[in-house]
1. Report the net charge of residues surrounding ILE211, where surrounding means a beta-carbon distance below 9 angstrom and charges are Lys +1, Arg +1, Asp -1, Glu -1.
2. To the nearest 20 debye, what is the magnitude of the charge dipole of the range 221-331 about its Cα centre, counting +1 on the Cβ of each Lys and Arg and -1 on the Cβ of each Asp and Glu?
3. How much length, in nm to one decimal, is gained on full extension between ASN320 and THR204, taken as 0.36 nm per residue of separation minus their Cα-Cα distance?
4. Any chance you could run the full-extension gain for ASN241 through SER342? It's 0.36 nm times the residue separation minus the Cα-Cα distance, nm to one decimal.
5. Give the order of VAL156, VAL304, VAL75 when sorted by the count of other beta carbons within 10 angstrom, beginning with the fewest.
6. For each pair in LYS283/LYS309; LYS260/LYS307; LYS163/LYS199; LYS28/LYS199; LYS151/LYS260, compute the distance between the two Cα atoms and list the pairs where it is over 21 Å.
7. Under the 0.36 nm per residue contour assumption, what length would be gained going from the current alpha-carbon distance of SER265 and THR78 to full extension?
8. Give me Rg/Rg_expected for the range 235-352, where Rg uses Cα atoms only and Rg_expected = 2.2 N^0.38 Å with N residues.
Amino acid sequence: MPEDFSRETERHSPPLFIHFDVEDHHIKLDTFIQTADSARRIIASLDQALFGGGLNYELVVLPPESGSFLQRLAVLLTTAAAVVVFLDSDTPAGFIEGLTGKPTSAWMKEFGSLSREIIVDAFATEEPTEDKINDSPDPTREELACRSAEKFLTAVTRAILEKETDELVRLGMEDGELVGALDARADFYAACLNDGDVKRVGFTPDDTFPIPRNSFPGRAQKPIRKEGEEDPPEWIVTIENINVTSPNWVQEDQRTRQWKGNDASRRDCYFVIEDAEFWRLVKRKDLQVEVWDTLKVQWAYRVVDGKAKQRRVLRVLEFNGAKLATPLPPDAINAILGGHSSAAGSRAELSLFEGW
């Protein structure tokens, strides 16, 4: 968690306003928690779809202001490394412009001028790594890149909550990785609908509430999966060694900040650890943690457009050379994933990710 909320004022990070029109100056605790969690899930979906799951961020609650109940949230980034992933992505231009009113080229220019172009120029001939970005001689440049990414995430999240469902579907959110953001949006309005005191909702600090209560039921409907829609790609399971470059020792926080490491091909990878026994050892402090940790894992992933997605560590087999467990048998894996195929190990990974 960032040191204190005053950083938001100092950094001018734009708040995400969620403004509830209520008779009194309070709302139910469940409504507050559920709507904030829906916003968090929208941001997590955007991170996965647009930044490859690589953003290192926190969603924080800012001090309230007087008046009708105004919820103020802020996205605080601590590294701009994943912005480079966005620069290399093939995000549809119409989607970004349709949500933010600002063309993708403008966002690319802003992000690029504050991250890739400056960082690459600083290191001359080689592509930046996260470690080198963090060691950049001018930290204010990365700070500016983080602020740009925060502004972008806040603008897109607000648009997803505010725009009509039909418009979001037209922009392509009904398919692919962003469908999770639509599901989270539906839960947001379901929470508002379940609180009879909420008459309208707005997304500015002003007393303007463009979303009336009679539109909550329609917005609370989750998108219907299209008939005949292709099944998601099959899970592929393999065993591989990972050099951890950025761990996350808080199990619950993996939803917003995944582990980061280098795979057998020395390429960056992001993943979550689902192994309950591993987390039991963590909580008991039975692991010998080092500066650079190594994991041998049995993990699952899906291949989408030639890239591994949704990496899930099912079993941590070794930690810094110490044996922790044996691999799960196929029946146990199927019970978790509902079906899978196996790869031969790290050698299979080399050909699979060739050219990344």
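1. Here the count lands on +2.
2. Roughly 320 debye for the range 221-331.
3. 36.8 nm
4. 34.8 nm
5. VAL304, VAL156, VAL75
6. Over 21 Å apart, Cα to Cα: LYS283/LYS309; LYS151/LYS260.
7. 64.7 nm
8. Relative to the rule-of-thumb radius for its length, the range 235-352 sits at 1.00.
Readers should treat all values here as calculations from the given coordinates under stated rules, not as data from a laboratory. What you see is a predicted model, and the numbers here were worked out from it, not measured in a lab. Positions of Cβ are generated from backbone atoms using ideal geometry, with glycine treated the same way; all protein chains shown enter the neighbour counts.
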